[in-house]
Amino acid sequence: MSMIFAIFKVLRKLLRTFIKRRLILVFVLFAISALINGTLFYIFEVVHGPQKQFSYLHCIYWAIVTMATVGYGDIVPETFAGYVIAGETIIIGIAVFTLLISTIAEAFLQQSLKRYMGLARLKNVDVVVIGSSEICKEAIDELRMNRKDLKISWVLEEQPKTPPEDIDFVVGNPIEEETLIRAGIKSAKHLIVCILDDSMAIHIVLTAKRLNKNIRIAALAKSSKTKELLEEAGVSIVVPLRVIGRELASAVFEPSVT
């Protein structure tokens, strides 16, 4: 699975570079075509033609609206050369616009695919949640239930079999800066770390603090030593796993306490 993601990331970078360059190429081609056809129209219809009332800017405007296949009809050719230029301008305009639309469609498709695969770069994130345990899922459900306005980013180490609904997720190694950046850690106000591996949790906290010094972090700790280390690393709230054990025991000995 990791090999598939690595290949996809390389292809994604190549495709993104190609699309950017093709968009630039399309706009440059459009601008050059508009200038050439507008100039030809000006020469044959204004300078050597009957339409002396139009300026060079009018002719550039005519070329743009003709290439865009809008054709308002306020400026029309009156000479044979003008009709030839108009026909050529329409053909080039259709070709350029078809290329432009296909390029934009590819860009949207690429973005949709990246989101589906968990490889998109998320923006304006409020809370980043890291981990795939049931504790993590419960935390997300609680956040969504009480604060529907929050934008949550969920970091998963592996591609889920069924992508979570109505929530943005990122697939990657949570100890890597690139994964946290894609998850929106730089703009997030809160981070919840539900990783049960203490060393990984500490690594994630240190990396998150380096990327966003003001972020407020809540994390799980398996031991009292880990709790101390997490607090020293800058975690605001540390929840030891033994607290969960106490809650389970309370459910047996004090059933009225929930």
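A few remarks follow.
- Against the criterion of being crowded, with 21+ Cβ neighbours inside 10 Å, assigned by TED's automatic domain parsing to the domain that holds Val155, over 11 Å from Val155 (Cα atoms) and in contact with a strand residue (DSSP E or B) (Cβ under 9 Å, 6 or more places away or on another chain), Ala183 does not qualify.
- In region 63-113, the qualifying residues are those that are part of a helix (DSSP H, G or I) and of a type in the set (Phe, Trp, Tyr), and the one that is farthest from Leu29 (Cα to Cα) is Phe80.
- When the criteria are applied in full, Ile19 meets the requirement of being of a type in the set (Val, Ile, Thr), assigned to a helix (DSSP H, G or I), closer than 30 Å to Leu109 by Cβ and modelled with pLDDT under 80.
- Odd one out for Gln51, checked against (1) assigned to a helix (DSSP H, G or I); (2) over 27 Å from Leu99 (Cα atoms): (1)
The values are calculated or read from the model by the stated rules, or taken from the named source; none is laboratory data. Predicted, not measured: the structure shown is a model, and the values here were computed from it. All Cβ positions, even for glycine, are placed from backbone atoms using ideal geometry, and neighbour counts span all protein chains on display.
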